[in-house]
Amino acid sequence: MLNDPFEVLPGLPACDQEDSVKQEEFWNTWRQGIVDNHGVICHSALLDDPVIWSHYAEGHSGIALEFDYLISDTLMEVRYCQQRPTMPVELLDMDNYNPFVKQILETKAPSWQYEKEFRVYVSLKDCTPRSGFYFTKIPDNFLTRVVLGVRCEVRGNYVQRLLMQYDWGDVSVAQAQLSPDKFSVDVRDVDSLS
């Protein structure tokens, strides 16, 4: 479940009350079809923002995975704007509505801009379900670093051993630390920690 109630929900064009109700019903059904069959992997361009760590890494006790975004051809940058993308239902009967669907998927309100978000969409049928979650394989050479949160109880050398065990030895491990003089998070490789 995504935390933005406007996710995958286009704006409705101005129309009379009866058409408005029909369009809302249609879009809610369409949206549910997307949500039931597709997942989203959200990424942030920020590693040093304490708010991102608080919101998405269990209050700094989790981890962050750093990826080489240059090798991804499916990564979409989220655009932030006041207006929701709006499309009349009739357009769905046409052959080429995919650009509009992409616009819906990559547009969020400006209040989410602090996330500096990038996304990858995946089909749930291509994922492995476990305990109510869906997992997909990380492409080779995509993961570059595992960063342990400031309050993470897992030790860096344990993560390094796990990475070696699963042939990810070229992935580095780092520890997040609170900056001594700024409201930011510093990240240092485990090997360079004293």
**Asked** Taking region 109-137 on its own, how many of its residues are under 18 Å from residue 34 (Cα atoms), touching a residue at least 40 places away in the same chain (Cβ under 8 Å) and assigned to a loop (DSSP other than H, G, I, E, B)?
**Response** 2
**Message:** Given the criteria touching a Phe, Trp or Tyr at 6+ places or on another chain (Cβ under 9 Å), at pLDDT 95 or above, within 30 Å of residue 156 (Cα to Cα) and aliphatic (A, V, I, L, M), does residue 63 qualify?
**Reply:** no
**Request:** Scan region 30-54 residue by residue and report those that are part of a helix (DSSP H, G or I) and at pLDDT 95 or above.
**Result:** 50, 51, 52, 53, 54
**Complete set of residues in region 148-194 that are under 22 Å from residue 56 (Cα atoms) and of a type in the set (S, T, N, Q)** = 172, 175, 177, 179, 184
**Message:** For region 103-159: of the residues being closer than 17 Å to residue 55 by Cβ and of a type in the set (Val, Ile, Thr), which is surrounded by the fewest Cβ atoms within 10 Å (Cβ to Cβ)?
**Reply:** 150
**Asked** Of (1) touching a residue at least 24 places away in the same chain (Cβ under 8 Å); (2) in contact with a helix residue (DSSP H, G or I) (Cβ under 9 Å, 6 or more places away or on another chain), residue 144 satisfies all except one. Which?
**Response** (2)
**Index of the failed condition, residue 144 passing every other in (1) in a helix (DSSP H, G or I); (2) under 16 Å from residue 45 (Cα atoms); (3) among the hydroxyl-bearing types (Ser, Thr, Tyr)** = (1)
**Prompt:** Does region 156-173 contain at least one residue that is part of a strand (DSSP E or B) and of a type outside the set (S, T, N, Q)?
**Reply:** yes
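Right, residue 90: over 21 Å from residue 40 (Cβ atoms) and modelled with pLDDT under 95 or not? Step through it out loud before you land on a result.
Details: over 21 Å from residue 40 (Cβ atoms): yes; modelled with pLDDT under 95: yes.
For residue 90, the condition - over 21 Å from residue 40 (Cβ atoms) and modelled with pLDDT under 95 - is met.
The values are calculated or read from the model by the stated rules, or taken from the named source; none is laboratory data. As the structure is a prediction and not an experimental result, all values here were calculated from the model. Glycine also receives a Cβ, built like all others from the backbone with ideal geometry; neighbour counts cover every protein chain displayed.
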